[in-house]
Structure formats: C-alpha cells, structure tokens
Amino acid sequence: MAKYSYEFKKQIVLEYLKGDGSYLCLSNKHGISNQAQLQKWVAAYKKFGDDGLKRSRNQKIYSFEEKFSIVESYLTSELSYQELALQVGINNPALVNRWVNEFKAAGPDALRTHKKGRKKTLSKSKDSKRAQEIQEAKVDTSAEHVRELEDELLKLRIENAFLKELRRLRLVDKAKMRDAHGSSSVSEDSSN
C-alpha cells in the first residue's frame, strides 16, 4: 500500500468536499488504486479535521479496559473497523483490527500491555531475602504437620536402608558367582 503525504490527501479530500468529483472519479484522476481509501480519508477528515489525515508519530497507549471495550463493541455491533475507529476517536482503524484479531486468537489477555525487553534482575541480597521471606511464609509448623513429616522421613530412611542392603547382597552374590566360575575354570585348566 502506497504512503501518501498529508498535503496530497488533503488536496483530494477538499476536491471531493467541494464537489469536484466522485470517489471513483477522483481516485482515477489521482492514481489511487482503491476508492475506499479516499472514502476513509474523507471520513477521517470530517471527524478529526487535519489530524485525521496526518500519520501520528506519538502513539497513544490504550488501557486494557479501553481495548476490551472497543473489541466488545466491534463484536457486538455491525460497525466496520473504520466506523468504530471514527466513533471512538481512533485515527487508525488497523489498530482496532489488530486488537480484534489478537482477542480472537488468544482471548482477553492478548489485550493486556506487555513490557518489552528483559526483566530486571534483583540483586542477590534482595533475591535471597525475598526467597527467605517466601520460605518463612510457606512453612507449616503445626504439630500434626511436623508428625506427618517425621513419619515420612522414617519411611524414607527405612526404604533407603533396605535398598542399600539389597545392593550389598547383590554385590556379594556377584562376587560368589565370579569366584565359583573362576575356580571351576581354574580346576578345568589344571586337569587338562
């Protein structure tokens, strides 16, 4: 899509408003491939004046509530993006289109502002202090909970001791098997 200067847009809009031609006639005359573009410029000029034809360099930040309200309005009405944008005072209908598509794809959370860039890292002292505060807040020191933990610890110690003994017995069995095979092969070698 070609970018048109403010002066060019204003000249054509004023020609239309003076009655110098229809949308189609003026689009053809000035080499605009889409007469709907001219209609958008006229609507924006009528609603916002000169600002409606200028590309805004300063971006207005819209809150989640504003975005959600606009998306909800679009989805519950039969207004086009252009009409809704003009109605709510947004000079860029593509913005409404983007919000609606994001909402349809990911739900309301897609409309929330997300900070760009890396997250700030806390210094280690602040990190450890915060972790300690969280740990202290989460520890359940009730007598019943302590008893449950002691019982679980005892079961784990018994299980650990059992597994260690099982491993020891397997190693002893392997050693006996090795000795049995080793001595039988030695006696066979001596008899030959």
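For the reader, a short list of remarks on this structure follows.
- Near pairs, Cβ below 7 angstrom, 6+ apart or cross-chain, from the stretch 48-74 (over 14 Å from Val88 (Cα atoms)) to any residue that is exposed (fewer than 14 other Cβ atoms within 10 Å of the Cβ) and modelled with pLDDT under 70: none
- If you go through the stretch 1-30 and keep only what is closer than 16 Å to Asp50 by Cβ and polar (S, T, N, Q), you end up with Ser5, Gln11.
- Lys60 vs. criteria surrounded by fewer than 16 Cβ atoms within 10 Å (Cβ to Cβ), on the phi < 0 side of the Ramachandran plot, within 27 Å of the chain's Cα centre (by Cα) and not in a helix (DSSP H, G or I): yes
The values are calculated or read from the model by the stated rules, or taken from the named source; none is laboratory data. If you're wondering where the values come from, they're calculated on a predicted model, not measured in any experiment. Because the Cβ atoms are built from the backbone with ideal geometry, glycine has one as well, and the counts that use them run over all protein chains shown.
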